[in-house]
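Trainee: What follows is a structure written as structure tokens; I'll ask about it next.
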Amino acid sequence: MNRSAALSGLSSLEILLGLSLGALLLTPLIQTATLQWTGQRQWASDLKLQQSLSTVTDSLARELRRAGSWGWADRAAPGSLNPYSGLQLSEITTGANAADSLVYAYAHPKRTEDGVLSDDERWGWRLRNGVVEAQLGLGNWQAVSDPQRVRITRFKLSVQTESVPLPCALTCSNTSSPCPPVQMMRTVWIDLAGQAPQAASTGPQRTLKTAVQLRNHTVVGSCRD
């Protein structure tokens, strides 16, 4: 009996030792798996954020390239002003200053050109309560970014203008108006940042910066004094 009890006790001790050794061996494996799982979740979250920011900038760039589009640009009388050439930020923006909203205009793509700027030909972009919104006609603002996927923490726009002189056959004597005329080539710089909507204010952010050159340049001045 005593021998059987001793053997039974020895088996229990061996089991406990085996379990302890197994736990020691499994602990680093569990820690490694946990780190990998956490890293994969962070990678997936970062990828989702970056894709959301890219969606906003791609939409903005596509729309901005239409700014100033005018159906009569190729047959307008010399010196005629393009009614869609305006590009207005929420603040006067020069140099390094930036604004968080932008409004502009272009001819309605589904209507015959009449040369008159209408309310439904006014477009724009702005940041409101962590969401980027687009204006589709005066006062008609719609969300572009998904607040369930990303909270936009920075949306800064700035305009860089380059003046390019145009050839002129006349000799200019009146300096009150640009002569020869100049072509205003405008580039809009976009600075965007966002974070996961459930993250605290100190959570990680992702940024995206890009530049969009407007296709429809504005001509200022003429070859007439």
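The values are calculated or read from the model by the stated rules, or taken from the named source; none is laboratory data. Owing to the predicted nature of the structure, the values given are computational and were not obtained by experimental measurement. Note that each Cβ is placed from the backbone with ideal geometry, even for glycine, and that neighbours are counted across all protein chains shown. Remember, those area values only see protein heavy atoms, side chains included, never the ligands or the DNA or RNA. Shrake-Rupley method; radii C 1.70, N 1.55, O 1.52, S 1.80 Å.
Trainee: Return yes or no: is ARG215 modelled with pLDDT of 80 or more, open to solvent by 40 Å² or more (accessible area, probe 1.4 Å) and under 20 Å from LEU81 (Cα atoms)?
Mentor: Taking the combined requirement at face value, the residue satisfies it.
Trainee: Of the numbered conditions (1) among the hydroxyl-bearing types (Ser, Thr, Tyr); (2) more than 16 Å from ARG149 (Cα to Cα); (3) at pLDDT 75 or above; (4) open to solvent by 60 Å² or more (accessible area, probe 1.4 Å), THR202 satisfies every one except a single condition; which is it?
Mentor: (3)
Quick grid of which residues meet (1) farther than 22 Å from LEU87 by Cβ; (2) among the aliphatic types (A, V, I, L, M):
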{"residue": "LYS110", "(1), (2)": "yes, no"}
{"residue": "VAL116", "(1), (2)": "no, yes"}
{"residue": "ASP119", "(1), (2)": "no, no"}
{"residue": "ARG126", "(1), (2)": "no, no"}
{"residue": "VAL131", "(1), (2)": "yes, yes"}
{"residue": "GLN135", "(1), (2)": "no, no"}
{"residue": "VAL144", "(1), (2)": "no, yes"}
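Trainee: Got a number for residues in segment 53-96 being modelled with pLDDT under 85, of a type in the set (Val, Ile, Thr) and open to solvent by 70 Å² or more (accessible area, probe 1.4 Å)?
Mentor: 2
Trainee: Residue check, GLN160 against (1) more than 19 Å from VAL220 (Cα to Cα); (2) at pLDDT below 90, all met but one. Which one?
Mentor: Only one criterion is unmet by GLN160, namely (1).
Trainee: I would also like to ask the following. Find all pairs meeting these conditions: Cβ atoms under 9 angstrom apart; at least six residues apart or on different chains; first residue within segment 48-77 and without any contact (Cβ under 8 Å) to a residue 40 or more places away in the chain; second residue in a loop (DSSP other than H, G, I, E, B) and aromatic (Phe, Trp, Tyr).
Mentor: Listed pairs, sorted by first residue: ALA76/TRP70.
Trainee: Six or more apart or on different chains, Cβ under 7 Å: which pairs go from a residue in segment 144-168 that's among the basic types (Lys, Arg) to one that's outside any loop (DSSP other than H, G, I, E, B) and surrounded by 13 or more Cβ atoms within 10 Å (Cβ to Cβ)? Could you list them?
Mentor: If the second residue must be outside any loop (DSSP other than H, G, I, E, B) and surrounded by 13 or more Cβ atoms within 10 Å (Cβ to Cβ), the pairs left are ARG149/LYS48; ARG149/SER52; ARG151/GLY194; ARG151/GLN195; ARG154/ASP191; ARG154/LEU192; ARG154/ALA193; LYS156/ASP191.
Trainee: Given (1) touching a Gly at 6+ places or on another chain (Cβ under 6 Å); (2) assigned to a loop (DSSP other than H, G, I, E, B); (3) at pLDDT 85 or above, where does ASP146 come up short, assuming only one miss?
Mentor: In the conditions (1) touching a Gly at 6+ places or on another chain (Cβ under 6 Å); (2) assigned to a loop (DSSP other than H, G, I, E, B); (3) at pLDDT 85 or above, ASP146 misses (1) alone.
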